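Colleague: There's a structure below that I have some questions on.
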Amino acid sequence: MTTSSILRVDNIHVIYDQVILGARGISLELPEGRIHALLGANGAGKTTTLKAISGLIRAERGEVTCGSIHFAGHDVLKSDPAALVSQGLVQVLEGRHCFAELDVDENLRVGAFVRTPSRADLRRGLERIYTYFPRLAERRRSRAGYLSGGEQQMLAIGRALIASPRLVLLDEPSMGLAPQIVIEIFEIVRRLNHEEGVSFLLAEQNAAIALRYSDHAHILENGRIAGSGPSAELAERDDVRASYLGIGAEGRRSFREARHYHSRRREH
Amino acid sequence: MNFFLETLIGGLLAGTMYSLVAIGFVLIYKASGVFNFAQGAMLLFAALNCVSLQEAGLPFPAAVLASVSIMIVLALAIERAVLRPLVGRSQITLFMATLGLSFIIEGLAQGLMGAEVRALDLGIEDVPITIGDIMVSQFDLFAAATAGILVLVLALLFNKTRIGVSLRAVADDTRAALSIGINLNRIWQIVWAVAGIVGLVAGLLWGARQGVQFALSLVVLKALPVLIIGGFTSIGGAIAGGLIVGAAENLAEVYAGPLLGGGITPWFAYFLALAFLYVRPAGLFGERAIERV
């Protein structure tokens, strides 16, 4: 690979509570400045993989039992999550997790503290986020708990970006949002990637949108990588279309056919 | 009328003493979601330290400063030895850990510094002064002023500093705080140290009133109704709860006591807390989580 990779995950196994297997032998590599996607159903291991990379898994009694993870030359398994954030690796959690009792401004400010910015830096950082997310600027004094789902997702992304990360792990950004808002959020991700060179690794159940906005994708099944490839190629593959996009080889099915297809699958 | 006002004001002032104890709980509960059963032991330990150092010949301000440093060291030790290994465990696990901790601290305090009752003199005479026609205890006024200053300092800490905003973020969503690089261990160290210092202040005031002794650690039990009434997550609530409990106790003792054969102070606060549980289970200022429908 010609471009240097910012993230290299090598054959990791993850165990929760010393018994439950979350990932078994996942390897992937992310070149700097790219957007890669992890696709898969519930429980396939997408979130586990992201949390292993950010180190947050240890706070949930999970453990990477073998394999290695390297982010920009740092050994992730030997660093604590706070140190990783200050080195430029930040995760946006599934379900947004804004600080509901803090207002929008405070949510963003607290995201910047890890870099111990000066007051002027902090102000510049805030303005930068508000130019990307003008909706947030309108509501900067509202408590985050009262924002709409889309605004909360924007706030969660903005709170991660204000720390000027090189790599953002984005977990289910489309969850529970209207299609229009999902597109708006993915457009911003693309802009951040183009304009600021931020790399993204995103986990998505919405395979259609993830394939449209990513360069490369990995398909996870039962804690393993079942397939990988450039997103444009995956989007054309019949098996991917059938399993993840709900489209048969002969083109878009009618709802009735799709239902028939699903019930047949369940019988197997 | 004057008698009523005197009873009320006396109760309110005494209530600030309850508030002081309750604030220590609220701080730790907010930041780490654990009801710190050891708060009473910390209070006893802090007051004993201060008295012992004073007896050893240190002037009072120096003894207080030394006690503050000891409470900071204790907070660091608790974070390292108890909280860090138990991170992510259930609330009941953490509660049991603080229960154990309270026995260790109590044992340590009495083993090192003796179990006899010690007198503590803060240099404030407990003689009443008259404001208008109303007699007020000078000591209670001093305690209330101290509580007021402490609350002001805490409010500034929480709202105006970066550490304060981080503390609130951790209290709100620990996992999210971790994900944006807030150092949880440091936050816990700070919170436990602040709670220890609040415990020191409360311990000194209570100790000056009833002697520094083992029973001091039982003020925990007095803080419980205050927390139920005011809410576990709000410093303002702890203050309001303390005032309500103090005033209600005093008024009930004076006006309802004779009808019930007297001596109702020990249980009246719990009765009141029970009544509050029926109508406002989250307490007066407890955070009911913001939920979008």
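Colleague: If A:Ala41 satisfies every condition in (1) surrounded by fewer than 22 Cβ atoms within 10 Å (Cβ to Cβ); (2) within 14 Å of chain B (Cβ to nearest Cβ); (3) in contact (Cβ under 8 Å) with a residue 40 or more places away in the chain but one, which is the exception?
Modeller: Result: A:Ala41 fails condition (2) only.
Colleague: Limited to region B:170-198, what total is found for residues that are assigned to a helix (DSSP H, G or I), facing another protein chain (nearest Cβ under 7 Å) and within 19 Å of A:Leu89 (Cβ to Cβ)?
Modeller: Summing the residues that are assigned to a helix (DSSP H, G or I), facing another protein chain (nearest Cβ under 7 Å) and within 19 Å of A:Leu89 (Cβ to Cβ) in region B:170-198 gives 4.
Colleague: Just to be sure I understand the filter: pairs with C-beta atoms under 9 Å, separated by 6 or more residues or on different chains, first member in region B:71-89 and under 12 Å from B:Ala195 (Cα atoms) and of a type in the set (Ser, Thr, Tyr), second member surrounded by 14 or more Cβ atoms within 10 Å (Cβ to Cβ) and at pLDDT 95 or above. Which pairs pass?
Modeller: none
Colleague: Would you mind stating whether A:Arg141 is part of a loop (DSSP other than H, G, I, E, B), in contact with an Asp or Glu (Cβ under 7 Å, 6 or more places away or on another chain) and either away from chain B (no Cβ under 14 Å) or charged (D, E, K, R) (or both)?
Modeller: When the stated conditions are applied, A:Arg141 passes them.
Colleague: Also, quick follow-up: Out of everything in region B:90-103 that is over 25 Å from A:Asp80 (Cβ atoms) and touching a residue at least 24 places away in the same chain (Cβ under 8 Å), what residue ends up being nearest to the other protein chains (Cβ to nearest Cβ)?
Modeller: Ranking the qualifying residues of region B:90-103, first place goes to B:Phe95.
Colleague: Can you work out which of the residues in region A:78-104 that are in a helix (DSSP H, G or I) and more than 10 Å from every other protein chain (Cβ to nearest Cβ) is farthest from B:Asn185 (Cα to Cα)?
Modeller: A:Val104
Colleague: Select the helices (runs of 4 or more DSSP H) contained entirely in region B:212-262, then report the ones holding at least 1 residues which are over 13 Å from the mean Cα position of the chain (by Cα), crowded, with 24+ Cβ neighbours inside 10 Å and not polar (S, T, N, Q).
Modeller: Filter on region B:212-262 gives B:219-230, B:235-251.
Colleague: Give the number of residues within region A:105-138 that are in a loop (DSSP other than H, G, I, E, B) and surrounded by 18 or more Cβ atoms within 10 Å (Cβ to Cβ).
Modeller: 2
Colleague: Separate question: Taking the criterion of being among the polar types (S, T, N, Q), in a helix (DSSP H, G or I) and farther than 22 Å from B:Val82 by Cα, would at least one residue in region B:97-115 satisfy it?
Modeller: no
Colleague: For region A:111-138, which residues satisfy the criterion of being of a type in the set (A, V, I, L, M) and away from every other protein chain (no Cβ under 14 Å)?
Modeller: Listed by number, the residues that qualify are A:Ala120, A:Leu136, A:Ala137.
Colleague: From B:Gly107, B:Gly111, which residue is under 24 Å from B:Ala195 (Cα atoms), at pLDDT 90 or above and loosely packed, with under 13 Cβ neighbours inside 10 Å?
Modeller: B:Gly107
Colleague: Same structure, new question: Look at A:Leu30 and say whether it is within 18 Å of A:Gly197 (Cα to Cα), more than 9 Å from chain B (Cβ to nearest Cβ), of a type in the set (A, V, I, L, M, F, W, C) and in contact (Cβ under 8 Å) with a residue 40 or more places away in the chain.
Modeller: Answer is yes for this residue.
The values are calculated or read from the model by the stated rules, or taken from the named source; none is laboratory data. Predicted model only: the values in this text are computed from it and were never measured. Positions of Cβ are generated from backbone atoms using ideal geometry, with glycine treated the same way; all protein chains shown enter the neighbour counts.
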